Amino acid sequence: MVKKHLFKPPFTPLKRHGKFFNYNNEHLHESPEWFLPSIRMFFSSLKKRFLRAKNPNLDAWIEPYKEYAHSYEPLITWLGHATMLIQLGNINILADPIFESPSLLFPRVLPLGIDPQKLPPIDVVVISHNHRDHMDEPTIHFLHQNHNPLFLVPEGNKSWFLSRNIKNVEELIWWETYEYKGVDISCVPVWHWSQRTLFDHNKTLWCGWVFQTQDDTVFFAGDTAYCEFYFKTIGQMFPNIGVALMPVGPCDPDHMMRRSHMSAEQAGQAFLDCGARYFIPMHWGTFHFGTDMFETPIERLTLWWQDHQTELPQNSLCLSKLGQQFHLAHHKNPYSNTHDQNR
């Protein structure tokens, strides 16, 4: 197990006065002008919660999980929101785990895709950033106590773990790679922000992750806005991405969300930019974020996919249910789902 650079970093994160930025002169989210729009968006989402809670399609997005202790060829399972179980190279990786709700204001719409007690042995947990829906403290304590995995986090987050007596943790910067039992796990740039308290805005880094064996490459984009330069650079640095796990929501209200999240259509473009073969959407339908209706991101993604078929002749859109496992064997076509309009 060693931390290393696989190549010369094409660029490094921007950092000034102890804070990270996506670009020079970036206007930070902590500006007071965002307070009232955020409150309006929250109450707008409340109007749709009753409809989403009674949505008859929820059960159609759940499939019983079948345990696989390990897998060499990629086996991908969506557990809700951005929580992904990634099994490859005979190790088990859990990305951005959250097993319950980030707060009382944002209850789960979809249940967790697996009973936590039935998880296979978790070797590595990767965190994309420190927002509570991606770095959930109760979930992290559960994993530490029951699995004692290696936690890989972006720069600035290690101290949070150490202060909770979680010592098996390593922090990485963009383009740095940690080798774990023959699997290279690389920290890559995405366009986002960080904050956990009132006083730590952007003091820690955010990232996506790329997992590589000799045969396969999986890209987990975490939580990100659209940035053509970032996604095309990732595609250039990792030219054989087989599977891209992409956030597709919340989509609305667009003028607020596009600063830190991708719409379904932008996620599709990011998929083209990075040159992956298989698309598994995530970060949708699990919490009451944004003002989307429950299936809005998936419906919009499906329409985008249909409109771009000429650009996607060898690609597959895999609309994963909670707990559903996709066996993405090397040089073999996985389940290639299209949206069932009768859901």
What is the projected area of the convex hull of the Cα atoms of the chain, averaged over all directions, in nm²?
16.4
Among Asn92, Pro250, His308, flag the residue with its Cα farthest along the positive direction of the charge dipole of the chain, charges on Cβ as +1 for Lys/Arg and -1 for Asp/Glu.
Pro250
Using a Förster distance of 30 angstrom, determine the FRET efficiency expected from the C-beta separation of Tyr72 and Gln306, and round it to 0.05.
0.30
Can you give the % of DSSP beta bridges in the chain that are antiparallel, to the nearest 5?
65
Determine ³J(HN,Hα), in whole Hz, for all residues of the range 297-305 in sequence, where each value follows from phi through the Karplus function 6.51 cos²θ - 1.76 cosθ + 1.60 and θ = phi - 60°; x replaces Gly and Pro.
x, 6, 4, 5, 5, 5, 5, 4, 4
Could you size up the charge dipole of the chain around its Cα centre, putting +1 on the beta carbon of Lys and Arg and -1 on that of Asp and Glu, and report it in debye to the nearest 20?
560
Using a 10 angstrom cutoff on alpha carbons, build the Gaussian network for the chain and name the most mobile of Ser320, Ser159, Ser263.
Ser159
Looking at His17, Pro154, Ile298, which one has the Cα that reaches farthest to the positive end of the dipole of the chain (charges on Cβ: Lys, Arg +1; Asp, Glu -1)?
His17
Equivalent ellipsoid, the range 203-309 (semi-axes from 5 times Cα gyration tensor eigenvalues, Å):
23, 16, 12
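Every read-out reported here was derived from the displayed coordinates using simple, explicitly stated rules and does not represent laboratory data. Here the structure is a predicted model, which is why all the values come from computation and not from measurement. In this analysis, Cβ positions are derived from the backbone assuming ideal geometry, glycine residues included, and neighbour counts consider all displayed protein chains.
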